[in-house]
Each structure stands twice: as C-alpha cells, then as structure tokens.
Amino acid sequence: MSATLSYEDAVDLLDADHKLAQKLFLDYQALCDDGAPSKDRQKLALKICQDLTVHTQIEEEIFYPRVRAGIQDDPLMEEALQEHAEAKATIARIQGMAPSEAGYDEAVMQLSQAIMDHVMEEREQIFLKARYSTVDLRGMVPELYARKKELQGGKPAPTPAGKKKVTS
Ligand SMILES: [Fe+2]
C-alpha cells in the first residue's frame, strides 16, 4: 500500500507532523529531567528543528496558498505566516547555539510553546475552515508527501521549466 494512502487528507498528513513534534518535545523535556548529556539533547533538538523546517516549508509552498485561495481569510493566513517566521527565528537560534550554552534548553522550550500555540490555531481555525471549503485536501496528499520526502532527503528542488543555467 502506498504510504500516501494512509493519510485521509492534507490536514491529516500535516497534523501527523504536529503529533510527532509534540512527542519529540516531550522526549526533550524527559532528557532535561534526566540530566542527559548535552550532545544527546542537541541531537534531538536538531532533529526537531529539521522536522519543523520541512513541515513549515510544505505548508508554505503547497498547503497555505491553496487554503488561502479557498477560504478567503487573508488575515488568518498572514497571522500563520507571521507565527512561522517567529518559529524559524527560534530554530535558527537553536541551530547556531552550542548545547552547553546557557539558554539552550530554554530556547527549545520556547520553540515548543510557540509550536503548540500555532498547532492549536491551525487545528481550530485553518484546518477547520479548509475542511469546510472546496479545497481539494485529498488531492494534495501525494504532492505534500513527495515534497516532504524530497526535503527530508536533501535533494535539490527541480529547476523551474525553461530556466536556463547561466554559464558566463
Ligand atoms: Fe502546521
């Protein structure tokens, strides 16, 4: 069975990312509570950052533009993009820090809180409105899935058709 078939629609796929992020943040908290070595905490923090970077990118490239057109609520979509921008700034801060640095765990927890707040808003507003709209959420699954796998594999995005490589 194709992996994409296990998702009911785009919301289901994106919310699976949210659930995984929530679990990983709890795992991070457990590492802190256990006094785990900083390299272990950093390994998990960087995985969380990488996962969320891919998640926000597929939302911004594929899901948000179509939902924006379908639900006609620009302020809501702008707010979501602003929240993504804030999360990305925190992700960049974490990626640039040494795990032994003061404030490292706090930065991860700040990201956790920001993501949880954003997830609640997506679930209660954007996802709800998207499912009540005519946006083809089922049809979006293979595209979201393929782009997610591509970003996770670190493969370069295909060059837009017709764009010539400049050699001189
Ligand atoms: Fe999301």
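Overview of results
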{"quantity": "Residue in region 153-164 that is modelled with pLDDT of 95 or more and charged (D, E, K, R) present", "calculated": "no"}
{"quantity": "Where a residue in region 136-148 is crowded, with 16+ Cβ neighbours inside 10 Å and its partner, wherever it lies, is outside any helix (DSSP H, G or I), with Cβ under 8 Å and at least six apart", "calculated": "LEU137/ASP9; MET140/ASP9; VAL141/TYR7; VAL141/ASP9; TYR145/TYR7"}
{"quantity": "Output for region 117-142, where each listed residue is away from the ligand (no atom under 16 Å from the Cβ) and among the charged types (D, E, K, R)", "calculated": "ASP136, ARG138"}
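Conditions tested, residue by residue: (1) more than 12 Å from the chain's Cα centre (by Cα); (2) buried (at least 18 other Cβ atoms within 10 Å of the Cβ).
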| residue | (1), (2) |
| --- | --- |
| ARG66 | yes, yes |
| ASP73 | yes, no |
| MET97 | yes, no |
| ALA102 | yes, no |
| HIS118 | no, yes |
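The rows are residues; the columns are (1) touching a helix residue (DSSP H, G or I) at 6+ places or on another chain (Cβ under 7 Å); (2) within 16 Å of the ligand (Cβ to nearest atom); (3) under 17 Å from ALA146 (Cβ atoms); (4) of a type in the set (S, T, N, Q).
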residue	(1), (2), (3), (4)
LEU26	no, no, no, no
GLN29	no, no, no, yes
ASP33	no, no, no, no
SER38	no, no, no, yes
ARG41	yes, no, no, no
LEU52	yes, yes, no, no
GLU60	yes, yes, yes, no
PHE63	yes, yes, yes, no
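The values are calculated or read from the model by the stated rules, or taken from the named source; none is laboratory data. Since this is a predicted model, take the numbers as computed values, not measurements. Every residue, glycine as well, gets a Cβ built from its backbone with ideal geometry; the counts of neighbours run over all protein chains shown.
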